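Structure first, commentary second.
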Amino acid sequence: MAMTSVLGLFKDADSAAKAVDLAKQAGVAPSNLEVLTGSPYPEGAFGEEAPKHRLYVFPIIGAFMGFAAGSLLTVGTQVAFPLVTGGKPVLSIPPMLIVMYEGTMLGAITFTILGIVFESRLGKPGFKIYDERITEGLIGLAVTCQDTLVAKVQGALKQAGAADIILEGGKG
């Protein structure tokens, strides 16, 4: 079935929260609702589904990879060029710890930045509808639904007190 995006614009947060509830009652899946606002509201303030973040995984993977790279660098260098100095062991642990620590931190920081870019979900493919009045203070509720539900969704948005309703392609 074809999917259509509908954008409802609201003047206050209570109307937008009511619209989220009414859209869910109209048969729209919670994953197909997106609240758009220019003001910082906490996640879930409108009753929408809280996104699942896995940002903590990225620094852990990066730290392990950085530690492995630091270990490989120090051990590999000392084994490739064995310089026995005064009968000391070829693999000297204290100097190796510094390089392994730095590799761990570099990997963790690099993967954290990559994780932030990945988890920010920029360019979400399902929501292509937007109105500039959202940056002027209105709250938008973007609903992506099947064509058969468009009339129900529009009715739910009107019932919640939408100031304006826009259909995908500028119709509405």
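No value in this document is a laboratory result; all are computed from the given coordinates. This one's a predicted model, so the numbers in the text were calculated from it and none came from an experiment. Heads up, the Cβs are rebuilt from the backbone with ideal geometry, glycines too, and the neighbour counts pull from every protein chain shown.
Label positions at GLU136 and GLU102, each projected 7 Å from the Cα along the C-beta direction, are separated by 5.5 nm. Its Cα gyration tensor gives the range 57-119 an equivalent ellipsoid, and the semi-axes of that ellipsoid, as √(5λ) in whole Å with the largest first, are 31, 9, 6.
Percent relative contact order of the range 59-172, based on C-alpha pairs within less than 8 angstrom and at least six residues apart? Display every interim value, and only then the final one.
Working: 80 pairs, mean separation 31.9, N = 114.
Answer for the range 59-172 is 28 percent.
When the Cα positions of LEU33, PHE64, LEU167 are compared along the charge dipole of the chain, PHE64 comes out farthest toward the positive end, with charges on each C-beta of Lys, Arg, Asp and Glu. Of the residues ILE60, ILE134, ILE116, the one with the fewest other Cβ atoms within 10 Å heads the list, and the complete ranking is ILE116, ILE60, ILE134.
With the simple spin-label model, which puts each label point 7 Å out from Cα in the Cβ direction, the THR85 to VAL57 separation comes to 4.4 nm.
What 222 nm value per residue comes from the helices of the chain, counting each DSSP H run with n ≥ 4 as -39,500 (n - 2.57) and dividing by all residues, nearest 500 deg cm²/dmol?
Values: 4 runs with 75 residues, N = 172.
Per the formula, -15000 deg cm²/dmol.
Computed over the chain, the alpha-carbon pair-distance distribution with 10 angstrom bins reads 10, 27, 19, 12, 11, 10, 8, 4, 0, each value a whole percent.
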